[in-house]
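None of the figures in this text is laboratory data; all of them are computed from the coordinates on show. Note that the structure is predicted; figures quoted are calculated from it, not measured. We place every Cβ from the backbone using ideal geometry, glycine too, and count neighbours over all the protein chains shown.
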Amino acid sequence: MQLLDNLNWLKDFKERFDKDVSLLLKKEPLWEKCRNCPDGYCCGHDIYPVTMSYLNPFRLEEWWLMLEYVKDNFTEGQKKQLVRNILSKRPDCIFLFGNRCSVHPARAWACRVHPYTISFHPSPDYFPVGKLALPSCPSLAPAFGVKRDEMLVQSPGVLSREEGGRLVQVKLKKRKPVWLLDASNYVKEFESRAPSEERTAAEWEALLDLAGKAGSKGGIALQLYLEQMQGLKRQPDGSIRF
Ligand code: SF4
Ligand code: SF4
């Protein structure tokens, strides 16, 4: 069953990625500031929409893992908050509660890579190749000389690379060298696992069913959000088209 295989692979993929991030956090004290996010800026303002785009071949699996998390961990109060977030049609991610991610352990891979990851992979399809988006959150903006509400993208030069590892030290304009995680191999793996065909209606139906269970009374709102934001179109006969 491809969906199950993909879910297992994606969970393992994220765990491996997170281990590399923890090595990076030990090496580069600057990123400690991000671990105490005071703002949630990355998750708002339409910058990093959790829905991602059609460029993400695993959007179904990403949603699946987050909805499973919601179903198994959210209180009724949190589910109500999620519905309020959806109905408000705000530009922020629907899972951002205050300035915190409410699905943090299950968040999408796209959410995990920012702000300390860079890819040197030649394909620009899934990741900003060779570029680093410098965040303008209150924690990190002063370190990067970035103004509030500004997203600065730089192409840093590599100064050194940890042997056998994925940590690279780069030079950014107007700041000291900083250690990052080179995500090139992760991007290659992500691409190599990407399903070549569009998902079946049955798989999307299963996702909508999970949304119904995860949302409790607000399941309908979650289902509608998925249908509208993911471009799923339900036909009068009940089938799904893309
Ligand atoms: S970069 Fe800033 S806004 Fe984004 S998660 Fe880190 S501390 Fe929070
Ligand atoms: S899922 Fe969490 S980390 Fe990702 S954009 Fe939403 S609030 Fe932010």
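Okay, here's what the table says:
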| item | result |
| --- | --- |
| Two-site label geometry, D5 and Q235: point separation in nm, points 7 Å out along Cα→Cβ | 2.8 nm |
| Ordering of 2-15, 151-164 by packing [mean C-beta count within 10 Å, highest first] | 2-15, 151-164 |
| Kirkwood-type radius of the chain, with distances r between different C-alpha atoms, in Å | 19.1 Å |
| Segment K89-S160, length gained on full extension (0.36 nm per residue, minus Cα span) | 21.1 nm |
| Backbone N under 15 Å from the K131 label point (7 Å along Cα→Cβ), restricted to the range 153-186 | 153-157 |
| Cβ-Cβ FRET estimate between D149 and Q228, R0 fixed at 35 Å, reported to 0.05 | 0.80 |
| Extreme residue, positive dipole direction of the chain, given options A133, Y116, A143 (C-beta unit charges) | A143 |
| Virtual spin-label span in nm between N36 and K176, 7 Å along Cα→Cβ | 1.8 nm |
| Per DSSP, loop chymotrypsin sites (Phe, Trp or Tyr not before Pro) in the range 59-143 with at most 16 further Cβ within 10 Å | F120 |
| Contour excess over end-to-end distance, with Cα ends at Q78 and A202 and 0.36 nm allotted per residue | 41.8 nm |
| The chain, relative contact order [Cα under 8 Å, separation at least 6], % | 21 percent |
| Set of the range 134-164 residues, backbone N closer than 17 Å to the point 7 Å along the Cα-Cβ line of N99 | 135-144, 146-150 |
